[in-house]
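Read-outs: derived from the displayed coordinates by stated rules, not from any lab. Quantities reported herein were computed from a predicted structural model and do not represent experimental measurements. Glycine also receives a Cβ, built like all others from the backbone with ideal geometry; neighbour counts cover every protein chain displayed.
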Amino acid sequence: MLRFAPSPTGDMHIGNLRVAIFNYIVAKQRGEELMIRIEDTDKERNIEGKDKEILDILGLFGIGYVNVIHQSEQLRYHRMMAIQLLQDKKAFNCFCTPEELEHKREVAKQTHKPFRYDDTCAHLPHEMTIDNENPFTVRLRRPEEAVVAKDLIKGEITFAPEEIDSFIIMRAEKYPTYNFACAVDDMLADISLVIRGEDHMSNTPKQIAVRDALGYEKNIEY
């Protein structure tokens, strides 16, 4: 199964169409099917009617697919997977405020270093987490070893643990972040190959880290 996964946050442009066509052709070549996943978890940026507009454009270009899902329909699975990661101690609740994080980013900027989360909340005692009524996000623990992404064009690309960082997988509003939702949805749909723009290369190791933490063993090609 391959997938084309646009967001209904703006007009579909030529780059999106190009990726859709590649996915459609390669799915045919491999004897597999293509699904459409509307990535609509960013509620504030979604534009009403854009999902239908995207499907209409695909139809105009003869791009067929077996089904359409909206990422927002998968929310219960995203939350279930986040709870599993918390129970397995592979994720943690982060109570750092936006102001505190912005201060840390500013300090990193002033020292000419990339911002990395300093794991302030990574080892909080259990009672501090349970009794804390402040808003929180959920972060995936930084992997202990480097993550190797195998790209069919660029070959193996190694990402150090600090490049992946302890990144947020669930926002304070209990909605998943982009990389977490993508990783979970690709697992659920049994995706075999992901064709995306090169600008998504930095997202790949984070999605692999999520699947590894969840114990997903199937290899997804890129």
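Assess whether Phe95 counts as being over 20 Å from Pro161 (Cα atoms) and of a type in the set (Phe, Trp, Tyr).
When the stated conditions are applied, Phe95 passes them.
Pairs under 6 Å by beta carbon, first residue touching a residue at least 60 places away in the same chain (Cβ under 8 Å) in segment 69-92, partner hydroxyl-bearing (Ser, Thr, Tyr) and surrounded by 13 or more Cβ atoms within 10 Å (Cβ to Cβ), six or more apart or different chains?
Within 6 Å, the pairs are Gln71/Thr41.
Can you tell which of Lys50, Lys104, Lys113 is touching a Gly at 6+ places or on another chain (Cβ under 9 Å) and more than 22 Å from Val184 (Cα to Cα)?
Lys50
Which residues, taken from segment 94-117, are polar (S, T, N, Q) and not in a loop (DSSP other than H, G, I, E, B)?
Gln110 - this is the single residue of segment 94-117 that is polar (S, T, N, Q) and not in a loop (DSSP other than H, G, I, E, B).
Among the residues that make up segment 98-114, is at least one of them touching a residue at least 24 places away in the same chain (Cβ under 8 Å), of a type outside the set (A, V, I, L, M) and surrounded by 11 or more Cβ atoms within 10 Å (Cβ to Cβ)? Step through it out loud before you land on a result.
Pass one, segment 98-114, residues touching a residue at least 24 places away in the same chain (Cβ under 8 Å): none.
Among the residues of segment 98-114, not one is touching a residue at least 24 places away in the same chain (Cβ under 8 Å), of a type outside the set (A, V, I, L, M) and surrounded by 11 or more Cβ atoms within 10 Å (Cβ to Cβ), which makes the answer no.
Lys52 passes all but one of (1) in contact with an Asp or Glu (Cβ under 7 Å, 6 or more places away or on another chain); (2) loosely packed, with under 13 Cβ neighbours inside 10 Å; which number fails?
Of the numbered conditions (1) in contact with an Asp or Glu (Cβ under 7 Å, 6 or more places away or on another chain); (2) loosely packed, with under 13 Cβ neighbours inside 10 Å, the odd one out for Lys52 is (1).
Residues that are in contact (Cβ under 8 Å) with a residue 40 or more places away in the chain: find the helices (runs of 4 or more DSSP H) completely inside segment 123-222 holding 3 or more of those.
Answer list for segment 123-222: 161-164, 178-188, 204-213.
Among the residues of segment 27-47, write down those that are over 22 Å from His78 (Cβ atoms) and without any contact (Cβ under 8 Å) to a residue 24 or more places away in the chain.
If the condition is that a residue be over 22 Å from His78 (Cβ atoms) and without any contact (Cβ under 8 Å) to a residue 24 or more places away in the chain, then Lys28, Gln29, Gly31 are the ones that fit.
Considering only segment 123-170, state which residues are buried (at least 16 other Cβ atoms within 10 Å of the Cβ), among the small types (Gly, Ala, Ser) and over 14 Å from Asp212 (Cβ atoms).
Answer for segment 123-170, where residues must be buried (at least 16 other Cβ atoms within 10 Å of the Cβ), among the small types (Gly, Ala, Ser) and over 14 Å from Asp212 (Cβ atoms): just Ser166.
Would you call Asp118 of a type in the set (D, E, K, R), surrounded by fewer than 15 Cβ atoms within 10 Å (Cβ to Cβ) and in contact (Cβ under 8 Å) with a residue 60 or more places away in the chain? Full working, then the answer.
On the way: of a type in the set (D, E, K, R): yes; surrounded by fewer than 15 Cβ atoms within 10 Å (Cβ to Cβ): yes; in contact (Cβ under 8 Å) with a residue 60 or more places away in the chain: no.
Criteria not met by Asp118.
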